[in-house]
1. Please go through (1) open to solvent by 70 Å² or more (accessible area, probe 1.4 Å); (2) in contact (Cβ under 8 Å) with a residue 40 or more places away in the chain for Leu111 and return the number of the only condition it doesn't satisfy.
2. Which of the residues that make up the range 70-86 are open to solvent by 30 Å² or more (accessible area, probe 1.4 Å) and touching a helix residue (DSSP H, G or I) at 6+ places or on another chain (Cβ under 6 Å)?
3. Take the residues in the range 33-64 that are of a type in the set (D, E, K, R) and farther than 15 Å from Ile81 by Cα; name whichever of them is surrounded by the fewest Cβ atoms within 10 Å (Cβ to Cβ).
4. Where in the range 34-127 are the strands (runs of 3 or more DSSP E), entirely inside, with at least 2 residues that are of a type in the set (Ser, Thr, Tyr)?
5. Take Ser31 and tell me if it is closer than 30 Å to Ser13 by Cα, in a helix (DSSP H, G or I), out of contact with any Cys (no Cβ under 6 Å at 6 or more places or on another chain) and free of Cβ contacts under 8 Å to residues at least 40 places away in the same chain.
6. Under 6 Å between Cβ atoms, at least 6 apart or on separate chains: pull out the pairs that start in the range 69-94 with a residue that is within 15 Å of Ile11 (Cβ to Cβ) and among the aromatic types (Phe, Trp, Tyr) and end on any residue that is modelled with pLDDT under 95 and surrounded by 11 or more Cβ atoms within 10 Å (Cβ to Cβ).
Amino acid sequence: SGWTPSNPMQIFSDSTLKKDITAIDVDSISSKLNRLNIYSYIYISDSAYNHNVKDLGLLAQDLEKLFPNCVYTNSSGIKTIDYARLIPILIADSRKKDNDIEELKKMVNQLQNLFLQQQILVEKSKK
C-alpha cells in the first residue's frame, strides 16, 4: 500500500483504486479539442525554461476552460499543464475520428454501388 511508481511519468491507473468510473462523451471531447489553439512562443527571461528558444504548445488558461482537470495553479498563480492527462482525451478523439472515417467509407461504398446500379439501368434503357 505504500508503493509509489518508480518513474515520474507513471500514474496509478489500476481500476481497484478508482470509483465512480463512467465513460466520457467522445463527441464533446472532439468539439473541445477543435477549439484549442496550438501556439509557438518563447519563454520570457525570468521563467525557468530555455530562453530565446521557440517552443510549441498550449496555453494553460485556454486548456483550463475546456479541460480543467489537466491544469494546476500553484500558490503564486502560475498555471501548469499535466500533458499526461491529455493522453486519454486524445485517444478518445482519435477513436471517434476512426469511427467517423469508417462510417464515411461505408457511405462512399453505398454511393458507388448506387451509381453503378444507375449506370447499368441507363445502359439497359439504351438498348
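The values are calculated or read from the model by the stated rules, or taken from the named source; none is laboratory data. Just so we're clear, the structure is a prediction, and the values are computed from it rather than from any experiment. Don't worry about glycine lacking a Cβ; one is built from the backbone with ideal geometry, like all the others, and counts go over all protein chains shown. Heavy atoms of the whole protein, side chains included, go into the accessibility calculation; ligands, DNA and RNA do not. Shrake-Rupley method; radii C 1.70, N 1.55, O 1.52, S 1.80 Å.
1. In the conditions (1) open to solvent by 70 Å² or more (accessible area, probe 1.4 Å); (2) in contact (Cβ under 8 Å) with a residue 40 or more places away in the chain, Leu111 misses (2) alone.
2. Lys79, Ile81, Asp82, Arg85
3. Checking each candidate, the answer is Asp46.
4. Numbers: elements: 39-41, 55-57, 71-73, 79-81.
By residue number, 39-41, 71-73.
5. Details: closer than 30 Å to Ser13 by Cα: yes; in a helix (DSSP H, G or I): yes; out of contact with any Cys (no Cβ under 6 Å at 6 or more places or on another chain): yes; free of Cβ contacts under 8 Å to residues at least 40 places away in the same chain: yes.
The answer is yes for Ser31.
6. Correct list of pairs: Tyr72/Thr80.
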